[in-house]
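The values are calculated or read from the model by the stated rules, or taken from the named source; none is laboratory data. The model shown is predicted, which means the values in this text are computed figures rather than measured ones. FYI the Cβ positions are ideal-geometry reconstructions off the backbone, even for glycines, and counts take in every protein chain you see. The area values use the complete protein model at the heavy-atom level, side chains included, leaving out ligands, DNA and RNA. Shrake-Rupley method; radii C 1.70, N 1.55, O 1.52, S 1.80 Å.
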Amino acid sequence: MGRLSGKKILMVIAPDQFRDEELFQPKEIFEKEGASVVLASTKKGIAKGMLGGKAEVLSTIYELVSEPFDAVVIVGGMGSPTYLWNNEELHRLIKRSFEESRVIGAICLSGAVLAKAGILKGVRATVYPTKESLLEMEKGGSIYIKKDVVVDGRIVSASGPHVARNFGMEIVKLLSG
């Protein structure tokens with residue numbers, strides 16, 4: 001029995017060009033701690049990682065909008081701006097989960113998804129720093145912190161793949177706390 005036994009975590013990835021470590025490392029940690037992990041994307045099938053990893057996606061975010069999850073984790077990578085940043089269904093899912101006091105996590109370029117979903121006003125957060133991602137964080141009212149992992153309340157953000165494990169562990173701490 002792990003610390004997350006009985007917890008359900010939704011991990012959202014782009015169908016193409018998600019960042020491998022940002023999916024596989026936290027997912028491994030969550031499952032080792034006993035959580036059940038549901039993987040979703042904008043379409044079903046085999047999603048491809050930037051480094052060649054593959055993940056089978058059995059659910060779309062559109063099917064899971066009203067499902068209750070203990071945490072929603074948005075994985076980054078080059079596919080995030082293309083497939084996730086402007087996805088209104090994903091924004092709705094994030095907002096609803098936030099309003100229901102769930103843990104929300106985003107890593108790398110996907111920090112911008114939280115900003116665009118409107119849950120980062122006045123919240124300390126980080127993102128993989130590009131001109132576009134920093135602009136979205138600013139537009140969303142976030143207080144950008146140049147750190148590897150930032151926890152503010154129930155929101156965990158991380159700057160990139162090199163801190164994927166720490167990111168996963170911070171989510172575990174919040175969920176088991």
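Is there a residue in the stretch 168-175 that is charged (D, E, K, R), surrounded by 15 or more Cβ atoms within 10 Å (Cβ to Cβ) and either modelled with pLDDT of 95 or more or assigned to a helix (DSSP H, G or I) (or both)? Full working, then the answer.
From the stretch 168-175, those charged (D, E, K, R) are 170, 173; that's our starting set.
This time we only want the ones that are surrounded by 15 or more Cβ atoms within 10 Å (Cβ to Cβ), so: 170.
Next, only the ones that are either modelled with pLDDT of 95 or more or assigned to a helix (DSSP H, G or I) (or both) stay: 170.
So far as the stretch 168-175 goes, yes, one or more of its residues are charged (D, E, K, R), surrounded by 15 or more Cβ atoms within 10 Å (Cβ to Cβ) and either modelled with pLDDT of 95 or more or assigned to a helix (DSSP H, G or I) (or both).
As a summary of the residue check, L134 satisfies the conditions (1) surrounded by fewer than 24 Cβ atoms within 10 Å (Cβ to Cβ); (2) touching a strand residue (DSSP E or B) at 6+ places or on another chain (Cβ under 9 Å); (3) touching a residue at least 12 places away in the same chain (Cβ under 8 Å); (4) not in a strand (DSSP E or B) except for the one numbered (3).
Considered as a group, the residues in the stretch 35-51 that are assigned to a loop (DSSP other than H, G, I, E, B) and closer than 26 Å to T126 by Cα include one that is most open to solvent (accessible area, probe 1.4 Å), and that residue is L51. For the stretch 137-167, the set of residues classified as in a strand (DSSP E or B) and open to solvent by 40 Å² or more (accessible area, probe 1.4 Å) consists of I143, Y144, V151, D152, listed by residue number.
Within the stretch 7-27, if we keep just the residues that are crowded, with 23+ Cβ neighbours inside 10 Å and in a helix (DSSP H, G or I), the residue that is farthest from the chain's Cα centre (by Cα) turns out to be E21.
Rundown of residues vs (1) part of a helix (DSSP H, G or I); (2) touching a residue at least 24 places away in the same chain (Cβ under 8 Å); (3) touching a Leu at 6+ places or on another chain (Cβ under 7 Å), yes/no style:
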{"residue": "A55", "(1), (2), (3)": "no, yes, yes"}
{"residue": "H91", "(1), (2), (3)": "yes, yes, no"}
{"residue": "F98", "(1), (2), (3)": "yes, yes, no"}
{"residue": "L109", "(1), (2), (3)": "yes, yes, no"}
{"residue": "V113", "(1), (2), (3)": "yes, yes, yes"}
